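As structure tokens, the structure follows; a few thoughts come after it.
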Amino acid sequence: MQLVIFLFLTVFPRIFALGGNFAQDFDITWGGGRARILHNGELLTLSLDRASGSAFQSKSKYLFGKIAMQLKLVPGNSAGTVTSYYLSSTGSTWDEIDFEFLGNMSGEPYTVHTNIITNGKGDREQQFHLWFDPTASFHTYSILWNPHIIIFYVDGTPIRQFKNMESRGVLFPNRQPMRIHSSLWNADDWATRGGIVKTDWSKAPFIASYRNFSAQGCLWTQGSVPSCGSGSYPRIRELDSASLKRLTWVRKKYMIYNYCIDKKRFPNGFPPECVGGD
Ligand SMILES: *[C@@H]1O[C@H](CO)[C@@H](O)[C@H](O)[C@H]1NC(C)=O
Ligand SMILES: *[C@@H]1O[C@H](CO)[C@@H](O)[C@H](O)[C@H]1NC(C)=O
């Protein structure tokens, strides 16, 4: 009996935390039949056609955690389409941690657009190209969000970090619980080459696929403190030296935009979090 209780307490929470099922954990919020949950909840597809895109969001809200998802992006000519995958709270002073994948013409690279919004204010864009074709197979995109740091990962490689710099007066998202969101939509007024390349509707429907979701984090239940097992997600304060090396490699070879060095945009000085080039 004791062993059973022991197993229940130690093994099951882990299993529940890792084995994401789209049917159980997510709601389709837009696009009706364009968003589909398949294979007993193991696969989710979003589609976009001329009439509408589609979207889904997690049933649960989290306050801190490590969220991971495998995505296969719209293949072929995906110019004009945007696949977003982000954490967001609600209200006019919301917090948000964003991945957006901007499509491109066949053979041209996707752009991974990232942003961090605190209290409704963002303007913290960094953009990257990838070192693989994100439409050929599934790759893992994760967000680690703890009270000390936010890290964006692609296949385990950190591409961006945002440290808690409240001591410098920079707001950090640490009060509002967030849901996981994803959507596929038409943004051909700005997405590809700044809006020059339009969506080719003859190629519709455009389809992005999702699998193997996992959320290790603190579940938020209405009106109560968040419940999170100790050690349920990494509590690291900074990247270790091997990870920092990877981050430096990505920034050097694949970063294509960094607001922190965009002098035209900030002629009177960079935002305070930019000290150190982050
Ligand atoms: C599309 O391809 C062009 C040319 O390679 C590249 O400059 C651009 O960053 C790519 N991505 C988008 C979203 O335009
Ligand atoms: C599914 O995701 C988990 C957690 O991110 C990872 O450890 C595991 O390797 C993934 N499984 C597959 C089949 O990719």
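The values are calculated or read from the model by the stated rules, or taken from the named source; none is laboratory data. These numbers were taken from a predicted model, which means no experiment stands behind them. As a convention, Cβ positions derive from the backbone with ideal geometry for all residues, glycine included, and neighbour counts pool all protein chains shown.
What's the total number of residues in the stretch 199-224 that are aliphatic (A, V, I, L, M) and at pLDDT 95 or above? Give the steps one after another, and end with the answer.
Filtering the stretch 199-224 down to residues aliphatic (A, V, I, L, M) leaves 204, 207-208, 215, 219.
Retained after the next criterion (residues that are at pLDDT 95 or above): 204, 207-208.
Selection size over the stretch 199-224: 3.
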Query raised in the report: Which numbered condition trips up Ser84, out of (1) touching an Asp or Glu at 6+ places or on another chain (Cβ under 7 Å); (2) modelled with pLDDT under 95?
Result: (2)
Report task. State whether the residues of the stretch 85-102 include one that is over 16 Å from Ile67 (Cβ atoms), charged (D, E, K, R) and away from ligand 2 (no atom under 16 Å from the Cβ). Result -> no
Query - Selected residue [under 25 Å from Gln161 (Cα atoms), surrounded by 18 or more Cβ atoms within 10 Å (Cβ to Cβ) and more than 16 Å from ligand 2 (Cβ to nearest atom)] from Ala215, Ala191 - result: Ala191
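Pick from the stretch 244-258 the residues that are in a helix (DSSP H, G or I) and in contact with a strand residue (DSSP E or B) (Cβ under 7 Å, 6 or more places away or on another chain): which of them is surrounded by the fewest Cβ atoms within 10 Å (Cβ to Cβ)?
Arg246
Every residue, every condition in (1) more than 17 Å from the chain's Cα centre (by Cα); (2) farther than 21 Å from Pro234 by Cβ; (3) within 16 Å of ligand 2 (Cβ to nearest atom); (4) not aromatic (Phe, Trp, Tyr), yes or no:
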| position | (1), (2), (3), (4) |
| --- | --- |
| Tyr110 | no, yes, no, no |
| His113 | no, yes, no, yes |
| Asp123 | no, yes, no, yes |
| Trp131 | yes, yes, no, no |
| Ser137 | yes, yes, yes, yes |
| Tyr141 | no, no, yes, no |
| Pro158 | no, no, yes, yes |
| Gln161 | no, no, no, yes |
| Glu166 | yes, no, no, yes |
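Every residue, every condition in (1) out of contact with any helix residue (DSSP H, G or I) (no Cβ under 8 Å at 6 or more places or on another chain); (2) crowded, with 21+ Cβ neighbours inside 10 Å, yes or no:
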| residue | (1), (2) |
| --- | --- |
| Asp98 | yes, no |
| Lys121 | yes, no |
| Leu144 | yes, yes |
| Ile149 | yes, no |
| Asp155 | yes, no |
| Gln161 | no, no |
| Leu171 | yes, no |
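Hey, any hits in the stretch 175-186 for a residue that's among the aromatic types (Phe, Trp, Tyr), within 16 Å of ligand 2 (Cβ to nearest atom) and touching a Gly at 6+ places or on another chain (Cβ under 6 Å)? Break it down stepwise before answering.
Within the stretch 175-186, the first condition is being among the aromatic types (Phe, Trp, Tyr), and the residues that meet it are 185.
Add one more test, that the residue is within 16 Å of ligand 2 (Cβ to nearest atom), and what stays is none.
Checked the stretch 175-186: no residue is among the aromatic types (Phe, Trp, Tyr), within 16 Å of ligand 2 (Cβ to nearest atom) and touching a Gly at 6+ places or on another chain (Cβ under 6 Å).
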Requested in this report: Please identify the pairs in which a residue from the stretch 208-234 that is more than 16 Å from Tyr141 (Cβ to Cβ) has its Cβ atom under 6 Å from the Cβ atom of a residue that is at pLDDT below 75 and away from ligand 1 (no atom under 16 Å from the Cβ), counting only partners at least 6 apart or on another chain.
Outcome: Cys218/Pro226; Cys218/Cys228; Leu219/Ser227; Trp220/Pro226; Gly229/Pro13
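Evaluate the following for Ala23: is it more than 18 Å from the chain's Cα centre (by Cα) and within 17 Å of Ser214 (Cβ to Cβ)?
Values: more than 18 Å from the chain's Cα centre (by Cα): yes; within 17 Å of Ser214 (Cβ to Cβ): yes.
Answer is yes for this residue.
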Requested in this report: Could you grab the pairs with beta carbons closer than 7 Å, sequence gap of 6+ or different chains, first residue in the stretch 124-146 and β-branched (Val, Ile, Thr), second one within 16 Å of ligand 1 (Cβ to nearest atom)?
Outcome: Thr135/Leu73; Thr135/Val74; Thr135/Pro75
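Conditions (1) in a helix (DSSP H, G or I); (2) basic (Lys, Arg); (3) in contact (Cβ under 8 Å) with a residue 60 or more places away in the chain, marked per residue:
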| residue | (1), (2), (3) |
| --- | --- |
| Ile28 | no, no, no |
| Asn40 | yes, no, no |
| Thr45 | no, no, yes |
| Leu63 | no, no, yes |
| Lys66 | no, yes, yes |
| Leu71 | no, no, yes |
Query - Close pairs (8 angstrom Cβ cut-off, 6 or more residues apart or separate chains): within 16 Å of ligand 1 (Cβ to nearest atom) in the stretch 179-207, in a helix (DSSP H, G or I) and not aromatic (Phe, Trp, Tyr) anywhere - result: Asp188/Gly195; Asp189/Gly195
Requested in this report: Could you tell me which residue of the stretch 73-112 is nearest to Gly156 (Cα to Cα), considering only residues that are part of a strand (DSSP E or B) and among the small types (Gly, Ala, Ser)?
Outcome: Ser84
